[in-house]
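Input: a single structure, listed below in structure tokens.
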Amino acid sequence: MSNPHLEKLRAKMDDRNYALLEAIDNERLHAFIADAIDLCEPESVWVSSDSDEDVAYTREMAMKLQEERPLNTEGHTIHFDGMEDQGRDREVTKYLVPKGDTLSKALNQMDRDEGLGEVRGLLQGAMKGRIMVVRFMALGPNNSDFSIPCVECTDSFYVSHALNLLYRLGYEEFKRLGAKADFFATLHSSGKVDERMVSVESDKKRIYIDHTTDKVYSVNTQYAGNTVGLKKLALRLTIRKADREGWLAEHMFLMGVHGAGGRKTYFAGAFPSACGKTSTAMLPGETIVGDDIAYFRAVDGRCMAANAEAGIFGIIQNVTEQDDPLIWDVLHKPGEVIFSNILVNDGNPYWLGMGVETPDEGENFSGEWHKGKKDAQGNEIPLAHKNARYAVALHALANCDPELENPDGVELAGIMYGGRDAHAYVPCQQGFDWDHGIVAYGASLETETTFATIGKEGVPEINLMSIQDFVAIPLGKYVENNIDFGKKLDKKPSVFGVNYFLRDKEGKFVNGIRDKHVWVKWMDMRVHGEASAVRTPTGLIPCFEDLKRLFKEVLDKEYTKEDYVEQFTIRVKENLAKMDRVEKFHRETVANAPESLFQVLSGQRERLLAAQKEFGDYISPEKFPVEDK
Ligand code: SPV
Ligand code: MN
């Protein structure tokens, strides 16, 4: 035997499962699994070899153990999370920081020893009477510089099933890499569950990230964003790795925008959860590479990007046949889909805003449900949770981009940042250069909290690059890394800012839900030098004539001068107030924000003040000069 951990594993495992672990020559891996067994005391251990049989077994077990149940359509299943477990939980998700070390104030953190003691205490004996599943997976395409091996030990076959749909299988890769596999590890237990197989001890929910050992602990939760280690848990570790190695890990979709003559141009986009990210990546006629996490590397001066994931864990609320035909199709035809926290009635799934009549009873995240049912606080329980989701593999989608598995990634021509800003930024604009775009749109991204995280909705906040919760390095360093990344590129992607949530004086949205397609087509024209732009204090905005043509072509909509002026009026006072909030945030909350950030912000403030002096507080876009293509 090559190491003492193997001896321990030998004693606790049957021949088949032991042989699968022994075949991977990696002592740190064996130590992690041996520790997980010692700590959680499962009845048995099952290792997935990633054979078709094993992949199918995971799904079957999720149903046999009733963590999932079949729906009428072949391949569709439903999983429920607890009432208090319907989203990422910021309060109990913490970075474990060794003594003498600190992270940015904006990050939820605690002393490492104390945190380890607490979470390991909660995991003690947590898998008694259960099977511990061991999964080997990979982030990024296989056989690629982007690829990161990951292992997850969990007592949830639902989590294991979700891994099948959302990530690349990695057992063979671990075998190939052996001792060289520098992996991230997650240990998860659902903790105590009720008769519906739902975690019940939500007061003891903890998600602790130990970046000193690249390990994540998650307990008393099932919601995939808290338990599928490769999602936001690994992203936190990846950001540190990328910082060490000189690349970027981003909370971004990747899409191919299709243009004249069969041209395809790749864009990435960062939006906080529930702010239009997936629906942008899924625009009809375009192709999707990913909808949540993208890695960027500078290769020969070009910005190459790959999807960390291979599936979508998407919000189902407001998915309608008309607005989201591609997702609708996948959610209605046979094929593997895990629905979570929707309403089930007679074996069929229903969700909020699906655009069809919905039943008045069924089963949902609260158990048996009928219209008018109230929760313990007396609030009416909706038919499905707002953060109800679906999990599907990207290759099940008709619009999946063929480059998804390209080990080199795709070359990016543009990046967009979008928040939920009711008052200030215009619906679509382009940065004057890389630094301006990164700072004025990315590092200035303001939004309102949504149902995707547990807590109050509609609270305004800065969520820089829409990734703030996951930035496990000082926030200032993260912004600096983004600015510096541009220096490694000869062909820098253009940076755009979008705002799908601008409102008029009466509080009405100034744009329709499908208008985003026009902005994306305009960006495509810009990166190919096919459209002029108007130079405003906050960025380069579209010319009216281009939008008029695009609205007709893309949406068959008449676009008027009044629409244009309303949407693209520069609201100086609101923009100045925004600059103040952003600057205050970076001075006070972000440690070591780079000086170049403050220069870009003050440049923008000066331009706004000069324009205000000349034209007043609300300036029609027609007052500003047009620039060449
Ligand atoms: C998000 O909320 O940003 C998601 C879903 O992508 S999850 O992080 O898994 O909760
Ligand atoms: Mn996300």
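Values quoted throughout were computed directly from the atomic coordinates according to the rules given, and no laboratory measurement underlies them. What you see is a predicted model, and the numbers here were worked out from it, not measured in a lab. Note: ideal-geometry Cβ built from the backbone for every residue, glycine included; neighbour counts use all protein chains shown.
Test of the criteria: in region 270-329, which GluC sites (Glu not before Pro) are in a DSSP loop and have at most 16 other Cβ atoms within 10 angstrom of their Cβ?
Sites meeting the loop and neighbour criteria: Glu321.
Once the convex hull of the alpha carbons of the chain is built, what does its volume come to per residue, in cubic angstrom?
It is 152 Å³ per residue.
Applying 1/(1 + (r/R0)^6) with R0 = 56 Å to the Cβ-Cβ distance of Glu27 and Lys508, what FRET efficiency is obtained, to the nearest 0.05?
Numbers: r = 61 Å, r/R0 = 1.10.
With a Förster radius of 56 Å, E is 0.35.
Choose one of Tyr18, Leu96, Thr77: the residue whose Cα lies farthest towards the positive end of the charge dipole of region 1-146 (beta-carbon charges +1 Lys, Arg; -1 Asp, Glu; about the Cα centre).
The Cα lying farthest towards the positive end belongs to Leu96.
Using r as the Cβ-Cβ distance of Glu172 and Val626, and R0 as 51 Å, what FRET efficiency do you calculate, to the nearest 0.05?
It comes out at approximately 0.35.
Below 8 Å, C-alpha to C-alpha, sequence gap of six or more: please give me the relative contact order for region 353-485 in percent.
In percent, rounded to a whole number, it is 14.
Given R₀ = 45 Å, FRET efficiency for Ala398-Glu195 by Cβ-Cβ distance, to 0.05? Could the numbers behind the result be given before it?
Numbers: r = 39 Å, r/R0 = 0.87.
The computed FRET efficiency comes out at 0.70.
Take peptides 222-231, 25-34, 5-14, 80-89 and line them up by average Cβ neighbours within 10 Å, highest first, as a rough protection proxy.
222-231, 80-89, 25-34, 5-14
Please give the calculated 222 nm ellipticity per residue for the chain, where each DSSP H segment of at least 4 residues contributes -39500 (n - 2.57) and the sum is spread over every residue; nearest 500 deg cm²/dmol?
-8500 deg cm²/dmol
If the cut-off is a Cα-Cα distance under 21 Å, which lysines reach Lys192, setting aside same-chain residues fewer than 8 apart in sequence?
Here the lysines satisfying the reach criterion relative to Lys192 are Lys64, Lys128, Lys204, Lys205.
Can you compute the equivalent ellipsoid semi-axes for region 497-587, i.e. the square root of 5 times each eigenvalue of the Cα gyration tensor, sorted largest first and rounded to whole Å?
25, 17, 12
Any chance you could give the angle, 0 to 90 degrees and rounded to 10, that helix 475-487 forms with the longest Cα principal axis of the chain?
70 degrees
Let me know the Kirkwood hydrodynamic radius for region 59-163, please, with Cα pairs as the basis and the value in Å to one decimal.
Its Kirkwood hydrodynamic radius stands at 17.1 Å.
Where a Cα-Cα gap under 20 Å defines reach, which lysines qualify for Lys584, not counting those fewer than 8 residues away within the same chain?
The qualifying lysines are Lys105, Lys477, Lys573.
Would you check region 214-373 for Lys pairs whose C-alpha atoms are within less than 24 Å, ignoring same-chain pairs closer than 8 in sequence, and give me the count?
Here the count comes out as 9.
Taking 8 Å as the Cα distance limit and 6 or more residues as the minimum spacing, I'd like the relative contact order of region 481-629 as a percentage.
Contact order relative to length: 28 percent.
Compute the helix-to-body angle for 112-123: its Cα long axis versus the longest principal axis of the chain, expressed 0 to 90° and rounded to tens.
Helix 112-123 sits roughly 60 degrees off the main axis of the chain.
Straight-line reach only, C-alpha to C-alpha below 16 angstrom: list the aspartates and glutamates that Lys8 could link to, leaving out same-chain residues fewer than 8 apart.
Cα-Cα hits under 16 Å: Glu22, Asp25, Glu27, Asp35, Asp38, Glu41, Glu43.
For the chain, find the longest principal axis of its Cα atoms and tell me its angle to the long axis of helix 157-166, 0 to 90°, nearest 10.
Roughly 40 degrees between the two axes.
Testing the spin-label approximation: label points 7 Å from Cα along Cα→Cβ at Asp38 and Thr213. State their distance in nm.
0.9 nm
For region 459-503 and region 277-294, compute the distance between their C-alpha centroids and round to whole Å.
That distance is 19 Å.
Positive end of the dipole of the chain, charges at C-beta (+1 Lys, Arg; -1 Asp, Glu), about the Cα centre: which of His211, Ser51, Asn482 has its Cα farthest in that direction?
In the chain, that residue is Asn482.
With an 8 Å Cα cut-off and a minimum separation of 6 or more residues, compute the relative contact order for the chain in percent.
13 percent
Over the Cα atoms, compute the radius of gyration (one decimal) and Dmax (the largest Cα-Cα distance, rounded to a whole number) for region 425-469, in Å.
12.3, 37
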